[in-house]
Amino acid sequence: GEDEDERVPVLVGYGVAKEGSSRRGGRVDSPAASAPNEQNGKPLAAPPVRKMAKDNGIDLNELPASGRHGDVTRQDVESYLQGGSAGQIDTDVQSDTDVQLETEAQQSVSGRTGREERTPIKGVRKHTAEAMVRSAFTAPHVTEFVTVDVTETLELLESLRSSTHFRDVRLTPLALVSKAVLVALKSNPSLNSSWDEVAQEIVTKYYVNLGIAAATPRGLMVPNIKNAHELSLVDIARALADLTRIAKEGKSSPADLADGTITITNVGVFGVDAGTPILNPGEAAILCFGSIRRTPWEHNGEIALRSVTTLSLSFDHRLVDGQQGSEFLALVGRLLTHPIDLIALG
């Protein structure tokens, strides 16, 4: 429908990797030979190198530095994008077999031959794959579903779009879903927590950095809206527009991708009804927003065509019990079924 076309195209993706941290465990320094030199707390790098790293969503702190003065070089960034590490390989210590295997591997990724094509696993694709595997095999995932009537939510959207407050704002169903998640978190804070393996603590966060999984030219990413719990619906709509525009342009910075606390992925824009999304590493939950369809539905004791969608919630069962996850998902569904409550509570 019309509202479907206006929804922001997003897909499951992952932000920057987080190092294991704890107020007890402290930070483990890298070996001096590969640690980047720092000035004013920032790794040394020439402006063009900084720009290249920023344009590719790379945190310079993650890169070994091969420069003469401990600076990160263009080669370090290019090597990272290619899926390797900074510096040169000393081929003198490689066996003939190693060199032959390396040559064959390089030839195997040269492109399409016959009926197959080989693409090097590097850059964002490599990082996303590592994050998905880490999440899937670390956090015990549980996924639940609820199908809800969102007719009144779409009617509210149409009404708000004609309001002077939203005159210059692109208001989509995703904005109201985001608001529903933020409201539901107030009474279900366990969904906004993380697992600290080092300290053996559950960290409950009373701020929300709301991740929106996005398909970008560089691959799948999850930029997040910082302190989304403090924003009005107008501010959320503006933030969503800015976030997705920057992501589409491939300009999301490491800061945009870091420190998310909970994520929404919108698969409905692709005509998909539901999904079982993998958690963004370090987060307790991810909500999947499915396609909105006109469906025969019981309403006021009669069968009528209504706008219906399916929401699914994946959560980390170490952090979230079944009751907590179910209550959170049910509340999000009720808020979207009766959005007047969403406005009142938000």
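Every read-out reported here was derived from the displayed coordinates using simple, explicitly stated rules and does not represent laboratory data. These figures come from a predicted structure and were not determined experimentally. Neighbour counts are summed over all protein chains in view; Cβ atoms, including those assigned to glycine, are modelled from backbone coordinates with ideal geometry.
Please get the size of the charge dipole for region 259-346, origin at its Cα centre, with Cβ charges of +1 on Lys and Arg and -1 on Asp and Glu, quoted in debye to the nearest 20. Write out the running numbers ahead of the final one.
Details: 5 positive and 9 negative charges, 58 e Å.
In total the dipole reaches around 280 debye.
What ranking of Arg134, Arg112 emerges when the number of other C-beta atoms within 10 Å of each C-beta is taken as an exposure proxy, fewest first?
Ordered from fewest to most neighbouring Cβ atoms within 10 Å, Arg134, Arg112 come out as Arg112, Arg134.
Give the shape of region 185-248 as rounded, prolate or oblate, defined through the alpha-carbon gyration tensor: a ≥ b ≥ c are the square roots of its eigenvalues, a/c under 1.5 means rounded, and otherwise the shape is prolate if a/b is larger than b/c and oblate if not.
oblate
Given a cut-off of 18 Å, name the pairs among Lys186/Lys226; Lys42/Lys226; Lys205/Lys251 whose C-alpha atoms lie farther apart than that in the structure shown.
Table pairs above 18 Å Cα-Cα are Lys42/Lys226; Lys205/Lys251.
Within 10 Å of each residue's Cβ, count the other Cβ atoms and sort Val177, Val203, Val72 from fewest upward.
Numbers: Val177 24, Val203 16, Val72 28.
So the ranking, lowest neighbour count to highest, is Val203, Val177, Val72.
Rank by packing, highest mean first: peptides 118-129, 219-230, with packing defined as the count of other Cβ atoms within 10 Å averaged across residues.
Numbers: 118-129: 15.8, 219-230: 21.1.
Output ranking for 118-129, 219-230: 219-230, 118-129.
Express in % the proportion of alpha carbon pairs of region 145-193 at distances exceeding 19 Å.
39 percent
Identify, among Ser163, Gly123, Ser178, the residue whose Cα sits farthest towards the positive end of the charge dipole of region 110-199, taking +1 on the Cβ of Lys and Arg and -1 on the Cβ of Asp and Glu, with the dipole about the Cα centre.
Result: Gly123, furthest along the dipole toward the positive end.
Whole angstrom only: what separates the Cα centroid of region 126-162 from the Cα centroid of region 192-251?
13 Å
Treating the beta-carbon of each Lys and Arg as +1 and of each Asp and Glu as -1, no other charges, what is the dipole magnitude of region 130-222 about its Cα centre, to the nearest 20 debye?
340 debye
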